[in-house]
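Inspection log for the structure reproduced underneath, given as structure tokens.
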Amino acid sequence: GFVKVINENFSSTVPISELTKNCATVQRSGRLELTPPNGSQAGSAFFRQRVPIDNFIADFDLRCDDPSATGADGMAFIINTGSSSTLTQCGASGGAMGYRTGDAGLPAFRGYGIVFDTWQNGGEPSHNWCGFYRSTSTTASRSADVPEEFNGNGTFHVRVVGEDGRFTVLMSNS
């Protein structure tokens, strides 16, 4: 069976023994806010309990609430296979989305990253796309344009399924 790895209800504060909140990340009003809507911000949060990456389901909601603000290139869902010391780190801000070491840099974490990108940097497919990265590459190995704008368009429910070494991402806008 699958292991459910994210309880998306952050209405009560998750203790630091279970969840690290790093850099600009805060838990506020029943949500986990990775960054405020300001430029040059990065944030990350990691559950401390390791789970097998071959059979898991992660359900979460994604919102980019303030399209008029100067911030946000997007966010990344990180499947961190590195050491526990990386659970308190952030990647760079801007186009790195808190995941990579710089706009065009390698990922800052071992494992995999699924990015939800809201700004078109050089070499990216569009200004609104989802992509899959391996920690050994500076470019997405798979990507798809998302027809519904992330910015200012409400809540997107995301389900990431890891099964037998494959990852599937399902999204819907509610």
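Some observations on this one:
- Debye log10 I(q)/I(0) at q = 0.18 Å⁻¹ for region 47-148, Cα point scatterers: -0.89
- From the alpha carbon centroid of region 12-52 to that of region 96-174 is 18 Å.
- Region 118-162: relative contact order in percent, alpha carbon pairs under 8 Å with at least 6 residues between: 29 percent
- Taking the chain, the Cys residues with no second Cys beta-carbon under 4.7 angstrom are Cys64, Cys130.
- Computed from the Cβ-Cβ distance with R0 of 45 Å, the FRET efficiency linking Gln120 to Ser17 stands at 0.70.
- Relative counts (whole %) of C-alpha pair distances in region 89-174, using bins that are 5 Å wide: 3, 14, 24, 25, 21, 12, 2, 0
- Surface composition of region 24-174: carbon and sulfur make up 47 percent of the accessible area, probe 1.4 Å.
- Seen from Ser84, the other residues with C-beta closer than 10 Å to its C-beta sum to a net charge of +2, counting Lys and Arg as +1 and Asp and Glu as -1.
- Dividing the Cα radius of gyration of region 1-40 by its Kirkwood radius returns 1.04 for Rg/Rh.
- The translational diffusion coefficient of the chain, from Stokes-Einstein at 25 °C and 0.890 mPa s with a Kirkwood hydrodynamic radius over alpha carbon pairs, comes to 151 µm²/s.
- The chain, accessible area per residue, ligands and nucleic acids excluded (1.4 Å, Å²): 52 Å²
- If you plug the beta carbon distance of Thr81 and Arg31 into 1/(1 + (r/R0)^6) with R0 = 25 Å, you get a FRET efficiency near 0.40.
- With contacts taken as Cα pairs under 8 Å at a separation of at least 6 residues, the chain carries a relative contact order of 20 percent.
The values are calculated or read from the model by the stated rules, or taken from the named source; none is laboratory data. The model shown is predicted, which means the values in this text are computed figures rather than measured ones. As a convention, Cβ positions derive from the backbone with ideal geometry for all residues, glycine included, and neighbour counts pool all protein chains shown. Just the protein is used for accessible areas: all its heavy atoms, side chains included, with ligands, DNA and RNA removed. Shrake-Rupley method; radii C 1.70, N 1.55, O 1.52, S 1.80 Å.
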